[in-house]
1. Put a dot 7 Å past each Cα toward the Cβ at residue 51 and residue 150; how far apart are the dots in nm?
2. Would you kindly derive the ³J(HN,Hα) couplings of the range 62-71 from the backbone phi angles with the Karplus curve 6.51 cos²θ - 1.76 cosθ + 1.60 (θ = phi - 60°), listing them in order in whole Hz, with x for Gly and Pro?
3. How long are the three semi-axes of the equivalent ellipsoid for the range 229-276, computed from the Cα gyration tensor as the root of 5 times each eigenvalue, in whole Å, largest first?
4. Using 0.36 nm times the number of residues separating residue 61 and residue 139, minus their current alpha carbon distance, what extension gain do you get?
5. Determine, from the Cβ-Cβ distance of residue 192 and residue 34 and an R0 of 30 Å, the FRET efficiency 1/(1 + (r/R0)^6), rounded to the nearest 0.05.
6. How would 191, 175 rank on accessible area, largest to smallest, probe 1.4 Å?
7. Please state, to two decimals, what the Cα-based radius of gyration of the range 49-136 comes to when divided by 2.2 N^0.38 Å (N = residues).
8. When you have a sec, figure out the Kirkwood radius of the range 110-264 from all distinct Cα pair distances and drop it here in Å to one decimal?
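The values are calculated or read from the model by the stated rules, or taken from the named source; none is laboratory data. Computed from a predicted structure; not experimentally measured. Note that each Cβ is placed from the backbone with ideal geometry, even for glycine, and that neighbours are counted across all protein chains shown. Note: areas computed on protein heavy atoms with side chains; ligands, DNA, RNA excluded. Shrake-Rupley method; radii C 1.70, N 1.55, O 1.52, S 1.80 Å.
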Amino acid sequence: MAATTVTTQPGRASAGHAARRFWRAVRRNRKATAGAVLLVLFCLIALFPGVLAHDDPTAQIYPRNLGPSAAHLFGTSGLGNDLFAQAVWGTRQVLIIALGAGLAATTIAAVIGVTAAYLGGTWDGALNLLTDVLLVIPLFPLLIVIAAYVQNSGTLVLIAVLTLTGWSYTARQLRSQALTLRRRDFLEAARVRGERPLYIIVVEILPTMISLLLAAFLTNALYAVLFASSLQYIGLGDPNATSWGTMLYWAQNNEALQAGYYLQAIVPGACIALLGAAFALLNYAFDEIGNPALRPVRKIRSKHVQSATS
């Protein structure tokens with residue numbers, strides 16, 4: 001009877017093991033926990049804004065520039081809108097922009113960066129040239145120029161603009177990481193088995209870069225929030241949309257700070273800062289989890305403390 005051999009695919013096994021270790025590390029990281037709690041809170045607000053805010057955020061039916069009260073928790077704007085309703089309902093558009101632009105930019109960066117590293121040669125040169133061109137162009141001035149041409153456009157156009165201008169730096173990072181994996185044994189085994197380059201990139205390489213991909217997504221989402229809010233603040237977004245950036249735009253337009261109505265600027269600014277903190281905390285946590293050089297220091301110190309006390 002002929003002996004049967006069981007072959008395993010090292011890429012899949014190592015990727016599955018890495019994923020399990022990664023999620024265990026996430027649960028034990030305080031920064032990841034704090035960032036996840038904040039992000040989940042904003043997601044719940046975006047999904048069910050009517051549960052918290054019963055007023056129409058676009059209705060200009062209240063007395064202008066009212067202070068905080070039981071009827072209006074944050075007061076009213078210079079146009080007669082309820083600020084609490086605007087802040088709550090504006091969460092949805094901000095998260096749509098953050099998640100949409102972050103996911104799209106990371107996907108484009110992963111495709112271009114990993115493909116360039118794996119294929120090499122002419123492909124690497126051409127894709128690197130495209131990446132370098134975008135890297136040397138100042139990002140925010142480019143965003144201002146593009147947004148000026150599509151001024152007052154909808155959310156999808158803003159996501160497209162942020163995506164097309166925001167993937168290059170991430171692509172360079174992912175290419176550098178993919179270059180270190182190019183000659184690993186599990187990739188050589190896949191090539192020997194005759195697997196196609198697309199299969200190797202998607203199934204073998206990308207799963208080993210989970211922590212870096214998540215960190216790249218969070219970075220792109222964070223910058224999407226900041227850049228989108230900045231564009232809306234200077235009047236290059238849709239001023240009629242309900243968003244934190246447009247709240248800042250109207251507060252500046254109505255000279256709220258000069259008149260002493262500070263909440264009109266503080267409320268959207270605080271919301272942007274808290275959402276940015278959520279993305280940043282998760283990013284720092286994934287950096288610690290994915291970079292072994294940042295983790296053992298605490299473990300080694302804790303072991304020394306325990307041995308010293310015992």
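1. Distance between label points: 3.3 nm.
2. Computed from phi, the couplings for the range 62-71 are 10, x, 7, 6, 6, x, x, 7, 5, 6 Hz.
3. Working through the eigenvalues yields semi-axes of 16, 14, 7 Å.
4. Gain on stretching residue 61 to residue 139: 24.1 nm.
5. Efficiency computed from Cβ-Cβ geometry: 0.10.
6. Ranked list, largest accessible area first: 191, 175.
7. Computed over Cα atoms of the range 49-136, the ratio equals 1.89.
8. 17.9
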